[in-house]
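One structure is given below, represented as structure tokens, and several questions about it will come after.
Quick note: the coordinates plus some simple rules give every number you see, no bench work behind them. All values derive from a computational prediction rather than experimental measurement. With ideal geometry, Cβ positions are generated from the backbone for all residues, glycine too; neighbour counts draw on all protein chains shown.
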Amino acid sequence: MLAASPDAGWTLEPGALVLVAVLTFLYVRRWRAVDGSAGRLTSFLAGMALILVALCSPIDRLGEQLFFMHMIQHLLLLDLAPILVLLGLTKVLLRPLTRRLVRIERAAGPLAHPVFAIVLYVATMVLWHVPAMYDAALEHPVVHVLEHVTFGLAGGLYWWHLLSPIRARRRLGGMGPVVYMLSTKLLVGLLGVVLAFAPEAIYDFYERQPGYWGLSPGTDQAVGGLIMALEQSIVMGVALVFLFVRALGESDREDERAERYAS
């Protein structure tokens, strides 16, 4: 007997298409005005493309039928898309908004602190993987949209503290980025391990699926949990290397400026 095949159609979510189109138009117009680099443009457009992949491609439809595909969608929105979008930004590109962003940071108070970003990131992953919340998101479109918005906001804020081109009042220095990432990625990675090695499937919605591609609900969940744990480890390692190289570059530039002033 052949294994059932899931629906792998494109969803072409209108809201996502409009959002990406507007953001891309605004970015490209500003990028052309300041004669930005091709690398920054490529990074931003890649981030926009990942948002479309997550919300409009077959990944969105498959995520409604297979747990591990839904996990891939979450990780695209939480980590990969925000990282690429933020790497596409510079001080010059954000100059019209810099003062406004600084005022927002001051007004936000403790909500602008890196600790809040850690709590929001971990809480978002844990909350939306509580069985009642997870099943509700799959069964109710409005809750599903709220879930995606929450992932995007939590991921954007989390990576902003690490990759923002604007110097924050509470900038992570020294070993700060390492502690920041370890405290987050280890906790979320642990959640992935728990899902991977749970003795049985915990989501009723996927237990009602006909075993697409020959995957039982338990195997599907285990694959999704391993994807989460592995992605968290890989992203953390790559990000720490990037931040280390960037810190070395900033240190060299500061030394050069000091030497020029001294001379």
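Compute the Cα gyration tensor for the stretch 37-162, then decide on rounded, prolate or oblate, letting a ≥ b ≥ c be the square roots of its eigenvalues: rounded whenever a/c is under 1.5, prolate when a/b is larger than b/c in the other cases, and oblate in all that remain.
On the way: a/c = 2.62, a/b = 1.40, b/c = 1.87.
It comes out oblate by the Cα gyration axes.
Let me ask another. Work out, step by step, the length gained on full extension between Arg171 and Arg106: first 0.36 nm times the residue separation, then minus their alpha carbon distance; give nm to one decimal. Let's see the in-between values first.
Details: separation 65, 0.36 × 65 = 23.40 nm, distance 1.34 nm.
So the chain would gain 22.1 nm between Arg171 and Arg106.
In addition: Show me, for the stretch 79-91, the HN-Hα J-couplings you get by feeding each phi into the Karplus relation (A = 6.51, B = -1.76, C = 1.60, θ = phi - 60°), rounded to Hz, glycine and proline as x.
10, 5, 5, x, 4, 5, 5, 5, 5, x, 9, 9, 4
Give me the net charge for the shell around Leu191: Cβ to Cβ below 15 angstrom, other residues only, Lys and Arg +1, Asp and Glu -1.
Details: positive: Lys185; negative: Asp79, Glu231.
It works out to a net charge of -1.
Something else about it: Karplus couplings for the stretch 131-142 from phi (6.51 cos²θ - 1.76 cosθ + 1.60, θ = phi - 60°), rounded to Hz, Gly and Pro as x?
x, 5, 6, 5, 5, 5, 5, 6, 8, 10, x, 5
Something else: Assuming 0.36 nm per residue, please report the length gained on full extension of the stretch Leu186 to Ser5 beyond their Cα-Cα distance. Kindly include the intermediate steps, with their values, before the conclusion.
On the way: separation 181, 0.36 × 181 = 65.16 nm, distance 3.45 nm.
The Leu186-Ser5 span can extend by a further 61.7 nm.
Loop-only trypsin sites (Lys or Arg not before Pro) in the stretch 84-184, please: DSSP not H, G, I, E or B, and at most 14 other Cβ atoms within 10 Å.
On the way: sites: Lys91, Arg99, Arg100, Arg103, Arg106, Arg167, Arg169, Arg170, Arg171; in loops: Arg167, Arg169, Arg170, Arg171.
Sites meeting the loop and neighbour criteria: Arg167, Arg169, Arg170, Arg171.
Here is a further query. Show me the ranking of peptides 25-33, 116-124 by mean Cβ neighbours inside 10 Å, starting with the highest.
Highest-to-lowest ranking by the protection proxy: 116-124, 25-33.
May I pose another question? Using a Gaussian network model of the chain whose springs link C-alpha atoms within less than 10 Å, name the residue from Val85, Val53, Val102 with the highest mean-square fluctuation.
Answer for the Gaussian network model of the chain: Val102.
Given that just one value was derived from the coordinates, which of (1) -0.29, -1.17, -1.42; (2) -0.22, -1.14, -1.51; (3) -0.21, -1.02, -1.33 is log10 I(q)/I(0) by the Debye sum over Cα atoms at q = 0.07, 0.15, 0.17 Å⁻¹?
Answer label, from the structure shown: (1).
If one takes the longest principal axis of the Cα atoms in the chain, at what angle in degrees, from 0 to 90 and to the nearest 10, does the Cα axis of helix 114-128 lie?
Helix 114-128 sits roughly 10 degrees off the main axis of the chain.
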